[in-house]
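Take a look at the structure set out below.
The values are calculated or read from the model by the stated rules, or taken from the named source; none is laboratory data. Source: prediction; values computed, not measured. Glycine also receives a Cβ, built like all others from the backbone with ideal geometry; neighbour counts cover every protein chain displayed.
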Amino acid sequence: MFDLDIAIEMWLKQLRKHRAFDDGEIREMELHLRDHIDDLMSDGIVAQEAFEQAVSEFGEIPVMAQEEFRTQKRRFSIKSLLFSTMLNNYTKTSLRRLLKHPVSSVINILGIAIAIGICVLVYSFGYWIEKTDQHHENKDNVYLTTAFINRNGKMQQWGISPRPLGEMMKDDFHQIDNICRVKEQNVVIKLEDKVFNEKTTLVDPSYLEMFTFPLEKGYPSSLTDNSSIILSAEMAKKYFGENDPIGEDLLLIVSGEETKLFKVTGVAEEFPSTHAIDFDFLVNYQNSSWAIPNYDQDDWTQTIGATLVQVKDPEDLEVVKAGMEKYKVLQNEAMEDWKVADFKFEPLATLYQNSPDINKTISSRHYKTNKMAHSILTILAIFMLALASVNYINISIATSAKRLKEIALRKTIGANRMMLIFQHLVENILTTVLALVLGMAFGKFILVPWFEYQNGYSSGFHFLDVNLWLYLGAVMLVTALISGLYPSLYISSFQAVNIFRGKIKFGKGNLVTRGLLGFQLILSGILIVCAIMFTQNSVYLQERSWGYQPNSVLHAEVDDFTMYDKLRNKIQQYPNVELVSGGSDHIGVHKSLKVLKKQDKQYEISSIAVDANYLELMGVEVLAGRDFMKSPTADKFSIIVNETFMNQLSLANPIDEEFEIDTAKYTIVGVAKDFHFNSFSSEIEPIIFMLVAEDKYNSLAFKVAKGTEMESLQNLKNEWASLFPETPFRGGLQGDVWGEYFSSLEWHGEFWRMIAYVTVFMAALGLFGLISLNVSGRVKEFSIKKVLGARVSHLGKNIMKDYMWLFTISIILGAPISYYLVEFFFDTVYTYHVPSNFGSVLMSGIILIVVLWTVVSILLVNVAKSNPVNGLKEE
Amino acid sequence: MISKNLTAASTKPIILGILKQGNSYGYLIIKKIKELSGGKMKYSDGMLYPVLHRLEKDGLIVSKWVMEDDSVRPRKYYEITEAGKQELAQEQAQWSQVNSVLDAIWNVKPSKN
């Protein structure tokens, strides 16, 4: 059956195929045809005939299209012509080429995609760092009061400030809009039968005006009430789950006895993922008089966590600065040891950046390390892009051998050099765009989530960020240009005549290709050495001696001696407990600062105040002199110092040296071997041990028989629960004190191993691409050799020979470079690390050679399998 | 039958002439031409459109889509512009000149030899 509509549609299709007409024009002609058919049919002609007649009268479509093109050619500018026909043609050719060489294309695209994925990671990490605490609307008007204090001859900036400062400033300066005092307080929070150790923040009600922490529920003004408490979203969830916490009561306990009931009047919205300043619980600052025993508002010897000021205009601050002198006087009269040299106001906007230089700020101090990690990642991303580009350059040059005729033909029919370069760049951009899409997906959905999960942060970056696109656009353009320019210049430079004559033969002897491959090998080598070193390092540090014996030691933190005594009595009854010790400090958990005076000199030194069993229990070795005597009074004024103390104070014979501490004279009785008080990320500092009165006890440590640690921990927890049901357990195995530190080391190893796998993979891809092209260009040669009786191993040697030299030179050059570079890198990142070793360098060389060997073997299998007849038949 | 070349050359003044008499659309224009020439001018209908588009591009005519009340289909109507009218006048003058030249030649009787 003839269907008119279908017939017309077919005819239109033919019309569209010519692309001469736009939609409006096609519609016009369709209506023409329909009018004509209608007229014919109304004369009594049947549909099919009418259609055929109308079509035939309408005429030949190609002729019309050509005529229309003639019209269009005059219509379009040169630019639009370039884009409509030329670019179209280039894209088409490029796509065809990509599909024709799937292996090379996949290698190119995959390599660049991986590099771009790492770029996305770098961006998201940088975004997280730079956006931190930038969400506060008043960030340019709110300042943290910091003080410069001369300590041991060094100026230090501190974020804490004297207790009365805020109130006085508020009265003295009308320029100050708002003042907020911030003090953190450890509390126990009880809800029904649950108890938790928490940190609450005592603040003036202005806190919620100065910082932008919107409340999800409740009102900020409720903070003016002394028994109100505002929860963070996280805490609301912890205590009340999905229930509405507003109006619920929480019992706060300080120092083990003082209790007060607070009513929940607000819940903050989830903090942005990019924040450094936050809180768990907010209560009015007035509660200080409840939380702190013998609270005296005018006591200049006491400090609070932060005093924040808000001014309308940053210039108003100049007046305030000029008027700070009188506080200095007050402060310095009150505290001889804490002389303020100067006050400085740090803007909230840059507080996070500056806080690495400020002691005890309300912001986090991670900026510097994060920034460093960011730089390392950036370098890594550049390395990866370089590797991918090198792969790309080498493969395009190698493949160009196969397209010499195409190039020659293009040249003969009139393409100039620019056109050839352009064609190549279009191809390149197409590859990069494909890689970009793949790389973005890889970065966003695999790399970034993995990295953030491992590091416990969330950058919250998203694809709608304009800067991300600018950044990726730039990355892409640079990559496309760098990786595309040289090959396109190279390829386009050939003379067509020489190509046709067969004068140009290549694939083998290109110096640049070899240089680049060598460069790539060295880069891969460096990254492999890094990975090996990081892995070695995490093992090394895990096995590194702490300088004492943390194994088999357990500890618990108590509030006072009563608690200590109760717990000790229970613990001692267990047969596997070998030794118990108490003190106000404990290695890895808590230490104090003491000022040691000798004649006119002052030293600020960390101190650990314990009982006489402590050194023996912790396995701290006494190198000279003696340990504390086991009598409660004998060594009341004795101290034991560590080696670093001895060295830094240049005491040749420290025993019997005297120092004044808190107006009493102390004598050094022993020198302890250096031990790590902190994790291995900080250097060992001078430290002293001293004895402490029982009423100052805050900590209990005990040693158990080897192998019974886990069992003892369970016993400890059980005893604790039955003795102090109101107090959450604090303590554990001594070995776990730095658990987080070691897991971060593990993570470093994991990350760099991943990078090394990727690098090796990329190097292998590049080699594979290059060698396979080399092999396929020599099919005839190999076939002839095979026919003449060459063995596969001989052919293998033949291929290897080309690369072996390159490998040898790269390894000889790369070994010292990677050795020193990695050593420098490790010195920057770690305080203590595994010594650089040629073992790792050697291993990376071996890995690279194994990769080469594997690639060649895979290709050889193909050569071996192929029938030489087919190889010779070609062309 | 009028030759292809002559047909092509005369298309422009014919279309402009038709449009001077009133706005029209493609199918109607071609119908009119066929009518007027009595089928002597052999056109393939489609060739009209590139010409129309070129005339429009040159600013001699303008077009707009119109939905007529009595029709189910919209139509693209062409209207002659002032420039078009001037162009038509020139064409007319040229054709007349050609015509008079031809007339003069053909009306001269061959001399006796």
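Of the residues that make up the stretch B:78-94, is at least one touching a residue at least 12 places away in the same chain (Cβ under 8 Å) and within 12 Å of chain A (Cβ to nearest Cβ)?
Checking the stretch B:78-94: at least one residue is touching a residue at least 12 places away in the same chain (Cβ under 8 Å) and within 12 Å of chain A (Cβ to nearest Cβ).
Return yes when A:PHE689 is surrounded by 17 or more Cβ atoms within 10 Å (Cβ to Cβ), touching a residue at least 24 places away in the same chain (Cβ under 8 Å) and closer than 30 Å to A:TYR830 by Cβ and no when it is not.
Working: surrounded by 17 or more Cβ atoms within 10 Å (Cβ to Cβ): yes; touching a residue at least 24 places away in the same chain (Cβ under 8 Å): yes; closer than 30 Å to A:TYR830 by Cβ: yes.
When the stated conditions are applied, A:PHE689 passes them.
Return yes or no: is A:ALA815 part of a loop (DSSP other than H, G, I, E, B) and hydrophobic (A, V, I, L, M, F, W, C)?
Values: part of a loop (DSSP other than H, G, I, E, B): no; hydrophobic (A, V, I, L, M, F, W, C): yes.
Answer is no for this residue.
Of the residues A:THR301, A:THR307, A:THR259, which single one is surrounded by fewer than 18 Cβ atoms within 10 Å (Cβ to Cβ), of a type in the set (Val, Ile, Thr) and within 26 Å of A:PRO164 (Cβ to Cβ)? Let's see the steps before the verdict.
Working: A:THR307 fails: surrounded by fewer than 18 Cβ atoms within 10 Å (Cβ to Cβ); A:THR259 fails: within 26 Å of A:PRO164 (Cβ to Cβ).
Step by step, each of A:THR301, A:THR307, A:THR259 is checked, and only A:THR301 is surrounded by fewer than 18 Cβ atoms within 10 Å (Cβ to Cβ), of a type in the set (Val, Ile, Thr) and within 26 Å of A:PRO164 (Cβ to Cβ).
Can you pull out every residue in the stretch A:779-813 that is of a type in the set (Asp, Glu) and more than 23 Å from A:MET843 (Cα to Cα)? Steps first, please.
Our first condition is that a residue be of a type in the set (Asp, Glu); within the stretch A:779-813, this holds for A:781, A:802.
Once the filter is applied, which keeps residues that are of a type in the set (Asp, Glu) and more than 23 Å from A:MET843 (Cα to Cα), the stretch A:779-813 yields only A:GLU781.
Residues in the stretch A:32-48 that are buried (at least 19 other Cβ atoms within 10 Å of the Cβ) and either touching a His at 6+ places or on another chain (Cβ under 8 Å) or within 9 Å of another protein chain (Cβ to nearest Cβ) (or both): how many? Steps first, answer last, please.
So in the stretch A:32-48, the residues buried (at least 19 other Cβ atoms within 10 Å of the Cβ) come out as A:32-33, A:35-37, A:40.
Now narrow it down to the ones that are either touching a His at 6+ places or on another chain (Cβ under 8 Å) or within 9 Å of another protein chain (Cβ to nearest Cβ) (or both): A:32-33, A:35-36.
The number of residues fulfilling the criteria is 4.
Could you list, ordered by first residue, the pairs with Cβ atoms under 6 Å in which the first is in the stretch A:606-630 and modelled with pLDDT of 90 or more and small (Gly, Ala, Ser) and the second is assigned to a strand (DSSP E or B) and surrounded by fewer than 18 Cβ atoms within 10 Å (Cβ to Cβ), at least 6 apart or interchain?
Listed by first residue and then by second, the contacts come to A:SER607/A:SER592.
Residues in the stretch B:18-39: is at least one in contact (Cβ under 8 Å) with a residue 12 or more places away in the chain and more than 22 Å from A:HIS36 (Cα to Cα)?
Checked the stretch B:18-39: at least one residue is in contact (Cβ under 8 Å) with a residue 12 or more places away in the chain and more than 22 Å from A:HIS36 (Cα to Cα).
Does the stretch A:164-176 contain any residue that is touching a helix residue (DSSP H, G or I) at 6+ places or on another chain (Cβ under 7 Å), more than 21 Å from A:TRP290 (Cβ to Cβ) and part of a strand (DSSP E or B)?
Yes, the stretch A:164-176 contains a residue that is touching a helix residue (DSSP H, G or I) at 6+ places or on another chain (Cβ under 7 Å), more than 21 Å from A:TRP290 (Cβ to Cβ) and part of a strand (DSSP E or B).
For (1) charged (D, E, K, R); (2) touching a helix residue (DSSP H, G or I) at 6+ places or on another chain (Cβ under 8 Å); (3) outside any helix (DSSP H, G or I); (4) more than 17 Å from A:TYR207 (Cα to Cα), each residue gets a yes or a no:
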residue: A:THR307; (1), (2), (3), (4): no, yes, yes, no
residue: A:LEU317; (1), (2), (3), (4): no, no, no, yes
residue: A:TYR327; (1), (2), (3), (4): no, yes, no, yes
residue: A:LYS344; (1), (2), (3), (4): yes, no, yes, yes
residue: A:TYR352; (1), (2), (3), (4): no, yes, no, yes
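Name the residue that is surrounded by the fewest Cβ atoms within 10 Å (Cβ to Cβ), counting only residues in the stretch B:16-28 that are under 12 Å from the mean Cα position of the chain (by Cα) and more than 14 Å from chain A (Cβ to nearest Cβ).
My answer is B:GLN21.
Report, by residue number, each residue of the stretch A:838-875 that is among the polar types (S, T, N, Q) and modelled with pLDDT under 80. Show your work before the answer.
Taking the stretch A:838-875 first, the residues among the polar types (S, T, N, Q) are A:840, A:844, A:854, A:857, A:862, A:866-867, A:870.
Hits for the stretch A:838-875 are A:ASN862, A:SER866, A:ASN867, A:ASN870.
Can you tell me how many residues within the stretch A:172-208 are surrounded by fewer than 19 Cβ atoms within 10 Å (Cβ to Cβ) and under 15 Å from A:ILE277 (Cα atoms)?
Selection size over the stretch A:172-208: 2.
Quick one: A:PRO205 ticks every box in (1) over 35 Å from the mean Cα position of the chain (by Cα); (2) within 29 Å of A:GLU726 (Cβ to Cβ) bar one, so which box is it?
Condition (2) is where A:PRO205 drops out.
Using beta carbons and a limit of 6 Å, which pairs, at least six apart or on different chains, have the first residue in the stretch A:766-784 and surrounded by 21 or more Cβ atoms within 10 Å (Cβ to Cβ) and the second one not in a helix (DSSP H, G or I)?
Every condition considered, no pair remains.
State all residues of the stretch A:718-748 that are in a loop (DSSP other than H, G, I, E, B) and aliphatic (A, V, I, L, M); if no residue qualifies, say none. Walk me through it before giving the result.
Pass one, the stretch A:718-748, residues in a loop (DSSP other than H, G, I, E, B): A:724-730, A:737-738.
Within the stretch A:718-748, just A:VAL737 meets the criteria.
Quick test of your reading of the structure: A:PHE2 fulfils all but one of (1) in a helix (DSSP H, G or I); (2) more than 23 Å from B:TYR78 (Cβ to Cβ); (3) in contact (Cβ under 8 Å) with a residue 40 or more places away in the chain. Name the failing condition by number.
Answer for A:PHE2: the failing condition is (1).
Before we move on, is A:ILE118 buried (at least 16 other Cβ atoms within 10 Å of the Cβ), part of a helix (DSSP H, G or I), away from chain B (no Cβ under 14 Å) and at pLDDT 85 or above? Talk me through it step by step, then tell me what you get.
Numbers: buried (at least 16 other Cβ atoms within 10 Å of the Cβ): yes; part of a helix (DSSP H, G or I): yes; away from chain B (no Cβ under 14 Å): yes; at pLDDT 85 or above: yes.
When the stated conditions are applied, A:ILE118 passes them.
I'd like to know if the stretch A:749-756 contains one or more residues that are more than 25 Å from A:TYR548 (Cα to Cα), part of a helix (DSSP H, G or I) and among the β-branched types (Val, Ile, Thr). Reasoning before the result, please.
The initial filter retains those residues of the stretch A:749-756 that are more than 25 Å from A:TYR548 (Cα to Cα), namely A:749-756.
Retained after the next criterion (residues that are part of a helix (DSSP H, G or I)): A:749-756.
In the following step, the residues that additionally are among the β-branched types (Val, Ile, Thr) were identified as A:755.
Yes, the stretch A:749-756 has at least one match.
If you go through the stretch A:6-15 one residue at a time, how many are free of Cβ contacts under 8 Å to residues at least 40 places away in the same chain and away from chain B (no Cβ under 14 Å)?
If we filter the stretch A:6-15 for residues that are free of Cβ contacts under 8 Å to residues at least 40 places away in the same chain, which is where we start, we get A:6, A:9-10, A:12-13.
Those still in the list that are away from chain B (no Cβ under 14 Å) too: A:6, A:9-10, A:13.
The number of residues fulfilling the criteria is 4.
Go through (1) surrounded by fewer than 15 Cβ atoms within 10 Å (Cβ to Cβ); (2) in contact with a strand residue (DSSP E or B) (Cβ under 9 Å, 6 or more places away or on another chain) and name the single condition A:VAL340 misses.
Exception for A:VAL340: condition (1).
Considering only residues that are loosely packed, with under 13 Cβ neighbours inside 10 Å and either more than 9 Å from every other protein chain (Cβ to nearest Cβ) or modelled with pLDDT of 80 or more (or both), which ones fall in the stretch A:49-75?
Hits for the stretch A:49-75 are A:SER56, A:GLU60, A:PRO62, A:LYS73.
Name the single residue, out of those in the stretch B:37-63 being within 11 Å of chain A (Cβ to nearest Cβ) and of a type in the set (D, E, K, R), that is nearest to A:GLU57 (Cα to Cα).
B:ASP45
If you scan the stretch A:19-31, which residues turn out to be more than 18 Å from A:ALA7 (Cα to Cα) and at the interface with chain B (Cβ under 9 Å from one of its Cβ atoms)? If you could, list the steps in order and put the result at the bottom.
Applying the first criterion (more than 18 Å from A:ALA7 (Cα to Cα)) to the stretch A:19-31 yields A:19-25.
Scanning the stretch A:19-31 gives A:ALA20, A:PHE21, A:GLY24, A:GLU25.
From the list B:SER100, B:SER71, pick out the single residue that is within 12 Å of chain A (Cβ to nearest Cβ), among the hydroxyl-bearing types (Ser, Thr, Tyr) and free of Cβ contacts under 8 Å to residues at least 12 places away in the same chain.
Details: B:SER100 fails: within 12 Å of chain A (Cβ to nearest Cβ).
Answer to the selection: B:SER71.
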